[in-house]
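Scroll down for the structure; my scribbles are underneath it.
The values are calculated or read from the model by the stated rules, or taken from the named source; none is laboratory data. Since we're looking at a predicted model, the values are computed, not measured. Here the Cβ is made from the backbone with ideal geometry for all residues, glycine too, and neighbour counts use every protein chain on show.
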Amino acid sequence: MVTLLTGKKGSGKTKKLIELVNVALEKSNGNVVVIEKGKQMTYNIPYAARLVDSDAYDIKGAQNLQGFICGICAGNYDVTDIFVDSTLKITGTGAGEIEALVEELKKLSQSADTNIVLSVSAAEEDIPAGIMDCVLK
């Protein structure tokens, strides 16, 4: 399942993402991975989650992000949850261009049996209609 956390900058998306990470860690029988841009959540994410800085791996663009997430799933069969903070900063695109990424991640999520949560800095009305079913209400 792919879930989108949406809202404008400063609306509390990262705080909600951290709460979801904590819930996932309590429920997971496998690994929880958090991908962020920069090292801003180091002290907010419990040590049990794998925290990955996208800048350290030079991830730029939606295809690179998708490939990186695929590699995480391929390299470790027991990843149950993947969280991506600042998705649009990593991809370098606007909310209107992430529909293809979300559709590909839906396929991966299903085949790898992994929940994927993307934090997207955009108002709900800026999210493409084709992926509105993924927006967390």
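Things worth noting here:
- Of all residues in region 96-118, those satisfying the criterion of being in contact (Cβ under 8 Å) with a residue 60 or more places away in the chain and in contact with a helix residue (DSSP H, G or I) (Cβ under 7 Å, 6 or more places away or on another chain) are Val102, Leu105, Asn115, Ile116, Val117, Leu118.
Residue by residue, here is whether (1) modelled with pLDDT of 90 or more; (2) buried (at least 17 other Cβ atoms within 10 Å of the Cβ); (3) part of a loop (DSSP other than H, G, I, E, B) holds:
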{"residue": "Lys9", "(1), (2), (3)": "no, no, yes"}
{"residue": "Thr14", "(1), (2), (3)": "no, yes, no"}
{"residue": "Leu20", "(1), (2), (3)": "yes, yes, no"}
{"residue": "Val32", "(1), (2), (3)": "yes, yes, no"}
{"residue": "Gly38", "(1), (2), (3)": "no, no, yes"}
{"residue": "Asn44", "(1), (2), (3)": "no, no, yes"}
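- Residues (at positive phi and either assigned to a helix (DSSP H, G or I) or charged (D, E, K, R) (or both)) located in region 53-72: Asp58
- Taking region 88-137 as the range and being small (Gly, Ala, Ser) and under 24 Å from Gly12 (Cβ atoms) as the test, the residues that pass are Gly92, Gly94, Ala95, Gly96, Ser119, Ser121, Ala122, Ala123.
- Counting only residues that are basic (Lys, Arg) and closer than 16 Å to Ile72 by Cα, region 1-52 holds 1 of them.
- Residue list for region 76-124, filter: in a strand (DSSP E or B), farther than 15 Å from Ser28 by Cβ and either touching a Lys or Arg at 6+ places or on another chain (Cβ under 6 Å) or among the β-branched types (Val, Ile, Thr) (or both): Val84, Ser119, Val120, Ser121
- Verdict on Val34 being more than 24 Å from Gly130 (Cβ to Cβ), of a type in the set (A, V, I, L, M, F, W, C) and touching a Gly at 6+ places or on another chain (Cβ under 8 Å): no
- Given (1) surrounded by 13 or more Cβ atoms within 10 Å (Cβ to Cβ); (2) of a type outside the set (A, V, I, L, M); (3) free of Cβ contacts under 8 Å to residues at least 60 places away in the same chain, index of the condition Phe83 fails: (3)
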